[in-house]
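Below: one structure, written as structure tokens.
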Amino acid sequence: MLHHVSLGVRDLALAGAFYDAVLGALGYRRVFEDDTAIGYGRVDDEDLLCLKLHDDAAAPGPGFHLAFSAPTRTAVNAFHHAALLAGGQDNGAAGLRPDYGDHYYAAFVIDPNGHRIEAVTKQADA
């Protein structure tokens, strides 16, 4: 359905360092960059998430968040840990969320620009 999502950021270097850490924990990497944007994905020049530099960037309001697919619960844990080390705010520690499904395992953070993000897997691993 979606080709990619773009997030406005006020400090591209700070945002890039944060997303290098958290998305690296999920198996994604920088697939392009220039002076005003950084793209993340798995294949060169095919970004799934793009950070765009804007002086007046602001995170969307309540009710909006992005959920990134994680391959395992270990990856969700690594995402959460990396986010906190890279300047993110805890918004829900890694763990099962039975209200969302029997195997819904997720962690929630707020990035340095105020974007609410999540890593989630539905794998039934320990």
| Members of the range 34-68 that are open to solvent by 80 Å² or more (accessible area, probe 1.4 Å) and among the acidic types (D, E) | D34, D35, D44, D45, E46, D55, D56
| note | Subset of the range 1-32, residues exposed (fewer than 15 other Cβ atoms within 10 Å of the Cβ), closer than 19 Å to H65 by Cβ and of a type in the set (A, V, I, L, M, F, W, C), comes to M1, L2, V5
| task | Give the residues of the range 70-105 that are open to solvent by 70 Å² or more (accessible area, probe 1.4 Å), without any contact (Cβ under 8 Å) to a residue 60 or more places away in the chain and in contact with a helix residue (DSSP H, G or I) (Cβ under 8 Å, 6 or more places away or on another chain), sorted by residue number. | result | D90
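Which one is nearest to A57 (Cα to Cα), of the residues in the range 116-126 that are in a strand (DSSP E or B) and either open to solvent by 50 Å² or more (accessible area, probe 1.4 Å) or among the small types (G, A, S) (or both)?
Ranking the qualifying residues of the range 116-126, first place goes to R116.
The values are calculated or read from the model by the stated rules, or taken from the named source; none is laboratory data. Note that this is a predicted model, so its numbers are computed, not measured. Every residue, glycine as well, gets a Cβ built from its backbone with ideal geometry; the counts of neighbours run over all protein chains shown. Remember, those area values only see protein heavy atoms, side chains included, never the ligands or the DNA or RNA. Shrake-Rupley method; radii C 1.70, N 1.55, O 1.52, S 1.80 Å.
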